[in-house]
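Enquirer: The structure is given below, and queries will be raised subsequently.
The numbers here are math on the coordinates, done by the rules we state, and not lab data. Computed from a predicted model, the values in this text were never measured in an experiment. As a convention, Cβ positions derive from the backbone with ideal geometry for all residues, glycine included, and neighbour counts pool all protein chains shown.
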């Protein structure tokens with residue numbers, strides 16, 4: 001597969017990103033380019049700096065050093081909503097769902113569809129349920145829009161969290177361990193969703209511990225270790241063995 | 001954006017939730033409503049006076065006196081917060097309303113010239129514009145409630161203080177301010193418009209007590225706001241998972257401040273209505289009412305952990321408390337038992353809900 005790595009405009013470009021929490025250096029000198037329609041696997045052991053990097057891109061906190069460019073323009077995110085406005089969506093590991101609300105309500109949380117009734121804007125329950133059902137259909141997830149999230153299985157919850165990213169025309173979707181807590185059949189579904197995002201020109205960053213998943217869907221794999229980027233290779237040029245040794249530090253860099 | 005489906009979505013593995021296992025039927029509010037209906041039936045047999053029009057009117061009036069404040073505190077409880085200052089706010093708003101009304105209706109007091117003048121006989125006080133005194137004094141009472149709500153909301157949402165501690169402090173601050181402005185003496189609404197005030201707060205319309213009508217209108221509004229507006233959705237989301245709410249871009253600070261303001265305004269309005277019924281605003285009015293209000297909300301199904309509650313539950317909780325009080329009196333049981341029984345019911349209501357969710 002040809003990666004659009006060096007060609008064309010990058011949707012996301014990081015230059016020399018660094019982050020310090022007091023005396024702890026969590027990230028140091030990370031450069032990264034992600035192109036439209038590219039699926040990048042972000043791998044690394046616990047504490048390697050993956051989550052910190054994702055949180056910086058998602059706008060949870062600003063980097064101490066370095067520059068973020070999105071769609072060619074420099075961006076500064078103060079809050080997560082800033083990142084979402086430019087077109088970055090995140091599926092969080094703990095899924096960030098409100099258990100007491102229905103699936104449809106969670107999908108549309110914070111951007112509810114409304115209809116005008118005189119001077120008042122009321123929620124358009126019907127339209128939201130219909131759109132949510134459509135999204136669950138795309139994900140091939142047997143999830144009813146009116147069911148409460150607290151009664152759902154891990155896979156259904158995942159579908160709700162992913163469906164949320166599909167509402168807006170996101171240009172970059174970051175998924176934090178989307179396949180960690182779900183069944184084998186549902187892993188297939190999530191991976192095929194990633195393919196669908198890719199077909200539509202959406203860039204995907206997949207943060208995962210599961211080597212088979214990364215090699216199944218990613219065009220490129222980035223390995224982090226001790227807060228630095230140690231490798232950035234096309235999937236065709238590497239192997240699970242090499243990536244494993246990069247993650248553990250048996251091999252310093254590639 | 002839409003991706004064509006390979007085939008329509010089928011639900012082979014996921015059953016539909018049975019109707020009796022969702023919505024009202026599966027909620028604590030539903031069970032307590034059932035208990036309330038049972039209690040009505042029992043009371044009907046226990047006392048021939050219970051279902052008389054006079055007694056029912058009395059019950060309706062009495063529970064309306066805490067139910068409006070309960071609606072307000074339910075908003076706060078749904079977000080996972082608590083407001084202990086409602087009793088003090090009731091008293092303070094009532095006091096300010098009655099003091100402002102008295103003050104601006106007395107010729108010679110500063111500013112009173114704008115509102116009243118003396119008739120030719122030199123004694124009768126006449127309002128310059130009918131209704132203005134009433135409006136200004138009620139707005140003054142609601143105004144102080146608004147300020148209390150804003151301070152509560154600011155401390156909790158912006159400064160990040162715990163709701164329990166903040167509102168416990170506010171309970172004391174506002175009660176203290178009430179004593180300061182009144183010097184410990186009660187005040188009573190007087191002047192040319194006091195009769196309007198009494199009509200609006202303790203009158204009877206179409207055989208129904210006026211506070212009951214306000215309650216029904218406010219509860220219906222609350223139901224629409226909670227279930228059919230973005231704000232209501234966010235109130236529930238905050239109680240369900242505050243972190244998720246923040247991540248999805250909901251302005252958590254704003255929603256929190258809004259619920260504490262709504263709660264304080266509801267308490268203020270409640271205080272003003274009680275003042276009209278009592279005919280005065282004593283400095284110790286509504287002391288410890290916050291406990292009745294919170295108890296009613298919790299019995300009706302508002303979850304102190306956040307995420308559940310509604311106007312029907314708030315009203316059902318208030319009615320249940322009042323029917324028990326009324327029933328004990330009619331059954332000639334020592335009224336000191338009332339408080340004990342209320343405590344038992346709070347625990348029983350929550351226990352039944354816990355057992356049910358474990359079985360499901």
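Enquirer: Express in % the proportion of alpha carbon pairs of chain A at distances exceeding 32 Å.
Expert: It works out to 23 percent of all Cα pairs.
Enquirer: Next question, about the same structure. Within chain A, what percent of beta bridges assigned by DSSP are antiparallel, to the nearest 5?
Expert: Details: 26 of 43 bridges.
Roughly 60 percent of the beta bridges in chain A run antiparallel, per DSSP.
Enquirer: Under the rule a/c < 1.5 gives rounded, and otherwise a/b versus b/c splits prolate from oblate, where does region A:69-119 land using the Cα gyration tensor?
Expert: Numbers: a/c = 3.22, a/b = 1.44, b/c = 2.25.
Here region A:69-119 falls in the oblate category.
Enquirer: Another question, if that's okay. How would you rank B:97, A:165, going from fewest to most other Cβ atoms within 10 Å of each one's own Cβ?
Expert: A:165, B:97
Enquirer: Could you tell me the ratio Rg/Rh of region B:285-360? Both radii from Cα atoms, Rh via Kirkwood.
Expert: Looking at region B:285-360, the ratio lands at 1.01.
Enquirer: Pull out a ≥ b ≥ c, the square roots of the eigenvalues of the alpha-carbon gyration tensor of region B:207-350, then state rounded if a/c is under 1.5, prolate if not and a/b is larger than b/c, and oblate in the remaining case.
Expert: On the way: a/c = 2.14, a/b = 1.59, b/c = 1.35.
Prolate, since a/c reaches 1.5 and a/b exceeds b/c.
Enquirer: Using alpha carbon centroids, what distance separates region B:232-308 and region B:148-194, in Å?
Expert: A separation of 14 Å, based on Cα centres.
Enquirer: Further question on the same structure: For residue B:188 and residue B:44, FRET efficiency with R0 = 41 Å and r from the beta-carbon atoms, rounded to 0.05?
Expert: So the FRET efficiency works out to roughly 0.60.
Enquirer: If you wrap a convex hull around the Cα atoms of region A:33-85, how much volume per residue is inside, in Å³?
Expert: So the per-residue hull volume is 97 Å³.
Enquirer: Express in whole angstrom the spacing between the alpha-carbon centres of region B:66-130 and region A:225-239.
Expert: Computed from Cα coordinates, the inter-centre distance equals 71 Å.
Enquirer: Give me A:107, B:344 ranked fewest to most by other Cβ atoms within 10 Å of their Cβ, as a rough exposure proxy.
Expert: B:344, A:107
Enquirer: Using just the Cα positions, wrap region A:103-254 in a convex hull and report its mean projected area in square nanometres, one decimal place.
Expert: Projected area, direction-averaged: 10.9 nm².
Enquirer: Over all distinct Cα pairs, what is the inverse of the mean 1/r for region A:113-169, reported as the Kirkwood hydrodynamic radius in Å? Can you show the working numbers first?
Expert: On the way: mean 1/r = 0.0816 Å⁻¹.
About 12.3 Å for region A:113-169.
Enquirer: Right, another one. Per 10 Å bin, what is the whole-percent P(r) computed from every C-alpha pair distance within region B:78-146?
Expert: Histogram of Cα-Cα distances, whole percents per bin: 21, 39, 22, 12, 5, 1.
Enquirer: By how many degrees, 0 to 90 and rounded to 10, does the Cα axis of helix B:163-182 deviate from the longest principal axis of chain B?
Expert: With both axes taken from Cα atoms, the answer is about 10 degrees.
Enquirer: Further question on the same structure: Find the all-direction average of the projected area of the Cα convex hull for chain B, expressing the result in square nanometres with one decimal place. Before the final figure, lay out the partial values.
Expert: Working: hull surface 98.3 nm².
Over all viewing directions, chain B projects a mean Cα-hull area of 24.6 nm².
Enquirer: Within a 10 angstrom radius of each residue's Cβ in B:222-232, how many Cβ atoms of other chains show up on average? Whole number is fine.
Expert: 3
Enquirer: Counting only helical runs of four or more DSSP H residues, what would the 222 nm mean residue ellipticity of chain A come to if each run contributes -39,500 (n - 2.57) and the total is spread over all its residues?
Expert: Estimated from H runs of four or more residues: -9000 deg cm²/dmol.
Enquirer: Relative to the compact globular guide of 2.2 N^0.38 Å, what is the alpha carbon radius of gyration of the protein assembly as shown, as a ratio? Let's see the in-between values first.
Expert: Working: Rg = 30.3 Å, N = 614, 2.2 N^0.38 = 25.2 Å.
Here the answer is 1.20, to two decimals.
Enquirer: Please work out the Cα center distance from region A:165-211 to region A:87-152, rounded to the nearest Å.
Expert: Computed from Cα coordinates, the inter-centre distance equals 18 Å.
Enquirer: What order do you get for A:98-105, B:334-341, A:64-71 when each peptide is scored by the mean count of other beta carbon atoms within 10 Å, highest first?
Expert: Top of the packing list down: A:98-105, A:64-71, B:334-341.
Enquirer: Quick one: compute the contact order of chain A, relative version, from alpha carbon pairs under 8 angstrom and 6+ residues apart, as a percent.
Expert: 26 percent
Enquirer: If you consider only alpha-carbon coordinates, what radius of gyration and Dmax does region A:1-140 have, in Å?
Expert: In order Rg, Dmax, the Cα atoms of region A:1-140 give 18.7, 57 Å.
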